[in-house]
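Coordinate-derived values only; no laboratory data. Predicted model, so just to flag it, every value in this text is computed and none were measured. Using ideal geometry, Cβ is built from the backbone for each residue, glycine included, and neighbour counts are taken over all protein chains shown.
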Amino acid sequence: MPVYFIRSDQIDDKQVTLETDLVHHLRDVLRLKVGESLTLVDEQPKRYLCRVSASYPDPFRLEIESEVSPPAKQLGKLHLAVGMLKGEKMDWVVQKATELGVARLTPLITERTVVRVRPERLAHQQSRWLKIMTEASQQSCRWSLPQIDAPIELRDFLSESVSGLPSECFRFIFSERTPAEPSGDKIRLEIVQSPEAGILLIGPEGGWEPSEVCEALKAGFLPVSLGEQILRAETAALAALAIVHYEMKNENANKRSED
């Protein structure tokens, strides 16, 4: 069963006060009855196993039966920055990247980006992406919600966002122009040296301009390839996330075995 996100200030003496929308979902959509259980997670983050103590026709109430803290060692944080994609393709990347554990997602405006979000539509678009992320986080039982940024020009992203990253953060730019040599060892070595955080750059549907790749290299990004085939942007984003997360999990497992 999925988890549902709340704030810690909604808890008082093991009683949980839920937002109206979540009450509607649990009581009227899922039709949870008195005695049934579900899991909530807050921003600390802590997970709470709760039991329905009252439902229709009474006000819906939950009572906390137990709580669990997150694992002492969690997977490092991944930041995905991807060229803006058209409509449902971007929604799909937001959803699947969340399921794959991304910590932050930044839509990029690049030279070959086709779609632009109009300023008057920006708040609505971000709200839509956040809703997609919340539902995907609940379904995949995440401990926390990822962050979704407003679209930003690549040049500004490289100068502003990346400059604030810790020095021990690995940085990859995935490009079809990178020689299709085996990238596994290259990725693995960077993760071993900087296992706590990483940032992945993925181009838009039309790919990167050569000048954009050069700018990324100057900002400390390592060029890597996903193979000889030319992948769609949305496929490349998820393939890159899956590969890097796999290597990060292996590195964490190796460290635990050494300890």
For LYS46, go through the lysines and keep the ones whose alpha-carbon is under 29 Å away, minus same-chain ones fewer than eight residues off.
-> LYS14, LYS33, LYS73, LYS77, LYS96, LYS131, LYS249, LYS255
Pairwise label distance in nanometres, ASP9 with LYS46, each label 7 Å out on the Cα-Cβ vector = 1.7 nm
So if R0 is 41 Å, what FRET efficiency would GLU36 and LEU130 give, r being the distance between their Cβ atoms, rounded to the nearest 0.05?
-> 0.90
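Please rank ASP13, ASP28, fewest neighbouring Cβ atoms within 10 Å first, as an exposure proxy.
Values: ASP13 6, ASP28 11.
Ranked by crowding around the Cβ, least crowded first: ASP13, ASP28.
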Label-to-label distance, nm, for residues given as GLU160 and LEU231 (7 Å Cα→Cβ offset) | 2.9 nm
Given the Cα-Cα distance of GLU99 and GLN147 and 0.36 nm per residue of separation, how much length would full extension add, in nm?
-> 16.0 nm
Just rank HIS245, HIS124, fewest to most, by other beta-carbon atoms within 10 angstrom.
-> HIS124, HIS245
Burial ranking of peptide ranges 199-205, 19-25 (average Cβ count within 10 Å, highest at the top) = 199-205, 19-25
Under 15 Å Cα-Cα from LYS218, which aspartates and glutamates qualify once same-chain neighbours fewer than 8 residues away are excluded?
-> ASP156, GLU160, GLU209
Projected-area mean, the chain, by convex hull of Cα positions, square nanometres | 16.1 nm²
Using a 10 Å cut-off on Cβ atoms, rank the peptides 232-240, 112-120, 59-67 from the highest mean neighbour count down.
-> 232-240, 59-67, 112-120
Mind giving me the nanometre distance, one decimal, between the label points for VAL68 and VAL192, set 7 Å out from Cα along Cα→Cβ?
-> 3.3 nm
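May I ask you to sort ILE11, ILE173 by Cβ crowding, counting other Cβ atoms within 10 Å and putting the fewest first? The partial results should precede the final answer.
Details: ILE11 19, ILE173 24.
Sorted ascending by nearby Cβ count, the order is ILE11, ILE173.
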